[in-house]
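Engineer: Quick one: the structure is below, questions incoming.
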Amino acid sequence: MEAGIEPEDIGQNQEYAGRLEYHGDKKKDCTLKITDLRERDSATYTFRFITDQTRGRYYGDPGVTLTVTGLQVKVTGGHQDKTLTCSTTCTLTDNPTYIWYKNGHKVKEDTSSLDSDSFSDTDSYSCAVKGHEDLHSPAVCVRGQNCWSVTYPHQGVCALKGSTVDISSMYDSGYDTITSTLWFSSKQSSSWKDELVPEDLTTDPGYAGRVEYAGEKERGHSILRITDLREEDSAEYKFIFNTQTSGWGYSFHGTTLTVTGLQVLFKDPTNIIEGMCLRLFCESICFLQDNHSYIWYKNGQRLFSHETKYLILDPVRSEDAGRYSCAVNGQEDLASAEKTLTVRCEYVGYNSRTTH
């Protein structure tokens, strides 16, 4: 720790917002948990505690160095015999077991290396650490540049109840001819004829008249469009294709859709007193992308001076009482339910005195 420089409390750093958990007991255990790790989290972390004594600041030098790595499949060997290695930039602890995938299908649990003399020109391979299958490596071509792949631009999508959403995928079948494509959700697997064989979402009665496929097939781009969204549509959606000999697997994650409504929230609604500062929030259960602007309504009338997801009343006045609702700009027909704001007057009593 450099002398004379006050260390930064990472709990105050916006880069870590919502990703830190302190598991210590403030006695002997000072365990820190960081979730949703990113490569830029790689650093040396040092613990400090302060006592009530003069100069009572103590640091745990040299600290703990964290290296955040991703997985990568490296291909080595000659033209015939190839070796695939699931590689990282640092040595993973606990001697993990690796899982190998071929064209989206789980094929083997093994060590970090995979050897074969029968890799196909169109096969793609990926690897993951057991227990962290959702963090698999990008798929790579073992031979040549044209091999099978399915990728999704977004891991998660948030959309308003009643709106329309587009979920995209990019795909490549190498030199093989595609015979069919489909989107599906494993959430519906209980209604499939065979729970291991996905069925096209367009045939699901729950989506009748609300699903269509778009995109550019010649460019390997497919779009699943769902209209009139319902909360029960919240699920993970995946795309697969089939050729005359095989098909893309569905071991990998697709895109998770979360359908949300809007609601007006404010603190302590039963105790709003005239003169206080009040902030009303237009809340959703997930983060709506695209930096939407918002519309606020009072008693059904639009408040034109407010376009953010919160409305500040400072100070609150008696005439602010009323029914408030909000909507995303451009989707006014999907407004939240109204919430009533009641404002109480705070009266101060004085003892009357008569002077003679």
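Engineer: Residues of segment 215-234 being surrounded by fewer than 18 Cβ atoms within 10 Å (Cβ to Cβ), farther than 22 Å from Trp148 by Cβ and of a type outside the set (Asp, Glu), which ones?
Structural biologist: Passing the criteria: Arg225, Thr227, Arg230.
Engineer: Just give me the residues in segment 135-147 being touching a strand residue (DSSP E or B) at 6+ places or on another chain (Cβ under 8 Å) and either of a type outside the set (A, V, I, L, M, F, W, C) or over 18 Å from Trp248 (Cα atoms) (or both), in sequence order.
Structural biologist: Leu135, His136, Ser137, Pro138, Arg143, Asn146
Engineer: Please determine, by comparing only the residues of segment 17-53 that are part of a helix (DSSP H, G or I) and surrounded by 10 or more Cβ atoms within 10 Å (Cβ to Cβ), which one is modelled with the highest pLDDT.
Structural biologist: Applying the filter and picking the extreme gives Asp41.
Engineer: Now for a separate question. Filtering segment 97-147 down to residues that are under 28 Å from the mean Cα position of the chain (by Cα) and of a type in the set (S, T, N, Q), which residue is surrounded by the fewest Cβ atoms within 10 Å (Cβ to Cβ)?
Structural biologist: The residue in question is Thr97.
Engineer: Does segment 178-211 hold any residues that are surrounded by 14 or more Cβ atoms within 10 Å (Cβ to Cβ) and either assigned to a strand (DSSP E or B) or aliphatic (A, V, I, L, M) (or both), and which are they?
Structural biologist: Ile178, Thr181, Leu182, Trp183, Phe184, Ser185, Leu201, Val211
Engineer: Tell me the residue from Glu218, Glu283, Glu236 that is among the acidic types (Asp, Glu) and touching a residue at least 40 places away in the same chain (Cβ under 8 Å), please.
Structural biologist: Glu236
Engineer: Name the single residue that is nearest to Gln331 (Cα to Cα) among those in segment 286-319 being in contact (Cβ under 8 Å) with a residue 12 or more places away in the chain and of a type in the set (Phe, Trp, Tyr).
Structural biologist: Checked segment 286-319; the qualifying residue nearest to Gln331 (Cα to Cα) is Tyr294.
Engineer: Working only within segment 54-85, note down all residues that are more than 17 Å from Asp123 (Cα to Cα), touching a residue at least 40 places away in the same chain (Cβ under 8 Å) and in a strand (DSSP E or B).
Structural biologist: If the condition is that a residue be more than 17 Å from Asp123 (Cα to Cα), touching a residue at least 40 places away in the same chain (Cβ under 8 Å) and in a strand (DSSP E or B), then Tyr59 is the only one that fits.
Engineer: Those residues that are more than 21 Å from the chain's Cα centre (by Cα) and either surrounded by fewer than 16 Cβ atoms within 10 Å (Cβ to Cβ) or among the aromatic types (Phe, Trp, Tyr) (or both), I need them from segment 247-262; list them, please.
Structural biologist: Scanning segment 247-262 gives a single hit, Trp248.
The values are calculated or read from the model by the stated rules, or taken from the named source; none is laboratory data. Keep in mind it's a predicted model, so treat the numbers as computed, not measured. Note: ideal-geometry Cβ built from the backbone for every residue, glycine included; neighbour counts use all protein chains shown.
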